[in-house]
Amino acid sequence: MSRPEAVRVTIYNQTYSLLASGEEPGRVEELAQRVDDLMRSIATKGGNIDSTRIAVLACLHLADQLQTVQDDLSALRDRVSAKARAFAMLLDEAIERDPSQQTQDSGE
């Protein structure tokens, strides 16, 4: 297991020192940059609002994105499951109708 590495990031003019393990330091930096960009975008559109409100709005935005992705994933899983059941039924029907399989079964 790799040893945690300290990563310094700046989000909305605040510097944070975070621990990241393995190949995660670059990922942590990328995520911090995304959060910083989002907060700056909200601040630009929101006018004169304090950083706490900007952070809360950024969290709500990211939570909304996460929920949308989770909903999409759930719908995709449901569709894959339904297709798998349909294919299994078709396969069962094909096996039941296969005359060569029936001949082999009766010869045993």
Out of all the residues in region 37-79, which are charged (D, E, K, R) and either part of a helix (DSSP H, G or I) or in contact with a Cys (Cβ under 6 Å, 6 or more places away or on another chain) (or both)? ASP37, ARG40, LYS45, ARG53, ASP64, ASP71, ASP72, ARG77, ASP78, ARG79
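For every residue, the table says whether it meets (1) touching a residue at least 24 places away in the same chain (Cβ under 8 Å); (2) at positive phi; (3) among the aliphatic types (A, V, I, L, M).
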{"site": "ALA6", "(1), (2), (3)": "no, no, yes"}
{"site": "THR15", "(1), (2), (3)": "no, no, no"}
{"site": "GLU23", "(1), (2), (3)": "no, no, no"}
{"site": "GLU30", "(1), (2), (3)": "no, no, no"}
{"site": "ARG34", "(1), (2), (3)": "no, no, no"}
{"site": "SER41", "(1), (2), (3)": "no, no, no"}
{"site": "SER51", "(1), (2), (3)": "yes, no, no"}
Assuming THR44 fulfils every condition listed in (1) of a type in the set (S, T, N, Q); (2) surrounded by fewer than 10 Cβ atoms within 10 Å (Cβ to Cβ); (3) at pLDDT 95 or above; (4) more than 15 Å from ASN13 (Cβ to Cβ) apart from one, which condition is it? (4)
Of the residues that make up region 11-20, is at least one within 23 Å of the chain's Cα centre (by Cα), surrounded by 14 or more Cβ atoms within 10 Å (Cβ to Cβ) and of a type outside the set (Val, Ile, Thr)? yes
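Which residues, taken from region 16-30, are of a type in the set (Gly, Ala, Ser) and farther than 13 Å from SER2 by Cβ?
SER17, GLY26
The values are calculated or read from the model by the stated rules, or taken from the named source; none is laboratory data. These numbers were taken from a predicted model, which means no experiment stands behind them. Note that each Cβ is placed from the backbone with ideal geometry, even for glycine, and that neighbours are counted across all protein chains shown.
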